[in-house]
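J.: Dropping a structure here in structure tokens format, bear with me for questions.
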Amino acid sequence: MRTSSKRTLPLMFVALIAPGCATSAGPESTTPTTTATSASSTTNSPPTTPVSTSPRTSLTSGTPPLSAANGTDVKSCSNADCEIVITGEVTIPMARKFDCTTFIMRHAAPHKVSFSVDCAETGVVNGYVLGKGTIRLANSVAIEIDRNDSAGAVLHFLPKTDDPGRNKASGEFGASIG
């Protein structure tokens, strides 16, 4: 009978966790229960894998997934009124009113967005922004770089046809335009 009660003891412990149960069972049954619980915890630890979950959380805790109103749809930017995610090289189709053709943007880890654009008024303009920043093309469009890290960049295009000034770029860690 003791053998069968030892086999059912872990089940009884799980089922009878009420406070009165431990005192009525006596100290002898408390010791095996603790041992069974320890063995159960040790056995359950690897399947639960808190260790493998922790590194994932720590890697992504500071960097939420990339998201933008228009996702990765570059065609939504033709009127310079969009928000997109880039993770490599993309060609942005621009409406004729911006007088820009061949608008290429590239993201390079860890935090660089480079661009090349051919505008009727200013010719070919190349440059880059490191980290968050802005790109303003003379009498054309403005691009705000809202996020720029190893995962990619979130770009927010705005129409700026009322700015006849020169091309400008600024970046959190530096920028160049020419």
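The values are calculated or read from the model by the stated rules, or taken from the named source; none is laboratory data. Quantities reported herein were computed from a predicted structural model and do not represent experimental measurements. Glycine gets a Cβ as well: all are built from the backbone with ideal geometry, and neighbour counts include every protein chain shown. Remember, those area values only see protein heavy atoms, side chains included, never the ligands or the DNA or RNA. Shrake-Rupley method; radii C 1.70, N 1.55, O 1.52, S 1.80 Å.
J.: Inside the stretch 84-112, can you point out the residues that are of a type in the set (Val, Ile, Thr) and more than 17 Å from the chain's Cα centre (by Cα)?
T.: Val90, Thr91, Ile92, Thr101, Thr102, Ile104, listed by residue number.
J.: Could you name every one of the strands (runs of 3 or more DSSP E) located completely within the stretch 126-178 that has at least 2 residues being of a type outside the set (Ser, Thr, Tyr), open to solvent by 50 Å² or more (accessible area, probe 1.4 Å) and within 14 Å of Ala80 (Cβ to Cβ)?
T.: 152-160
J.: Follow-up question, since we're still on this one. If you scan the stretch 82-99, which residues turn out to be over 23 Å from Ala120 (Cα atoms), open to solvent by 20 Å² or more (accessible area, probe 1.4 Å) and out of contact with any helix residue (DSSP H, G or I) (no Cβ under 9 Å at 6 or more places or on another chain)?
T.: Thr87, Gly88
J.: Evaluate the following for Lys97: is it modelled with pLDDT under 95, on the phi < 0 side of the Ramachandran plot and among the basic types (Lys, Arg)?
T.: Judged against the criteria, Lys97 is a match.
J.: Within the stretch 100-117, can you find the residues that are open to solvent by 60 Å² or more (accessible area, probe 1.4 Å) and part of a strand (DSSP E or B)?
T.: Thr101, Thr102, Arg106, Lys112, listed by residue number.
J.: Here's another thing I want to ask about it. Given the condition free of Cβ contacts under 8 Å to residues at least 40 places away in the same chain, in contact with a Ser or Thr (Cβ under 6 Å, 6 or more places away or on another chain) and either over 30 Å from Pro64 (Cβ atoms) or assigned to a strand (DSSP E or B) (or both), answer yes or no: does some residue in the stretch 85-94 qualify?
T.: No, every residue in the stretch 85-94 fails to be free of Cβ contacts under 8 Å to residues at least 40 places away in the same chain, in contact with a Ser or Thr (Cβ under 6 Å, 6 or more places away or on another chain) and either over 30 Å from Pro64 (Cβ atoms) or assigned to a strand (DSSP E or B) (or both).
J.: Taking the stretch 119-146, which residues are over 27 Å from the mean Cα position of the chain (by Cα) and among the aliphatic types (A, V, I, L, M)? Explain how you work it out, then say what you get.
T.: The first filter runs over the stretch 119-146 and keeps only residues over 27 Å from the mean Cα position of the chain (by Cα), leaving 119-126, 137-140.
Of everything in the stretch 119-146, those that are over 27 Å from the mean Cα position of the chain (by Cα) and among the aliphatic types (A, V, I, L, M) turn out to be Ala120, Val124, Val125, Leu137, Ala138.
J.: Find the residue count for the stretch 92-131, including only residues that are of a type in the set (Ser, Thr, Tyr) and farther than 23 Å from Ser150 by Cβ.
T.: Count: 3.
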